[in-house]
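Below: the structure, in structure tokens.
Computed from the coordinates by the stated procedures, all read-outs in this text should not be read as laboratory data. It should be emphasised that the depicted structure is a prediction, and the values quoted were computed from it without experimental measurement. Positions of Cβ are generated from backbone atoms using ideal geometry, with glycine treated the same way; all protein chains shown enter the neighbour counts.
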Amino acid sequence: MEYYGGDRLIWFYDIQLLFSMLSPSQRNEFVEFAECKGLRATCLDGIEATRARFHTTIPEAVCDALSRPGSREAASSYLSGSRVSRIWMDFQAARGVRNKSRFLAELLFPPAIHMRQKYRQANSTWLPWLYLRRAMTGFLKYLQTPNR
């Protein structure tokens, strides 16, 4: 299961380096590819964040093309959504009953090694109780979250 952890400066630096090496025709290809893949908003967000951090020169034509109005893109909805909505989208994306079951099992019962790392101070014989604790804590956190 993937865990997404916010903005990392090194990612924006990578965007800065990559974008600065693109020729004008490659920038046009980038915009076309972003549009084709439904990633305009996501790419624009990354480029704007890079510009804010590194004062990267981005041609207005690129920003204009990426910011054209259109339907909400799936990637943008996913990345800007709450944790619950991302979990729901991940569940929906899993194909077939077997994959959906596997997804739920991993979500509800992560590998024992993960549990032991998270609760290092606990005795390993307590593992079933740690799963119960994790489930209860997660459920209470879910109930307390206003914008699920």
Square roots of 5 times each gyration tensor eigenvalue, C-alpha, the range 12-148, largest first, Å: 41, 18, 15
Estimated inter-spin distance, Leu140 and Ser71, nm [label 7 Å along Cα→Cβ]: 4.3
Calculated from backbone phi, Karplus (6.51, -1.76, 1.60) coupling profile of the range 36-41 in Hz, x at Gly/Pro: 4, 8, x, 10, 4, 5
Paired Rg and Dmax values of the range 9-77, which use every Cα atom, in angstrom: 11.5, 30
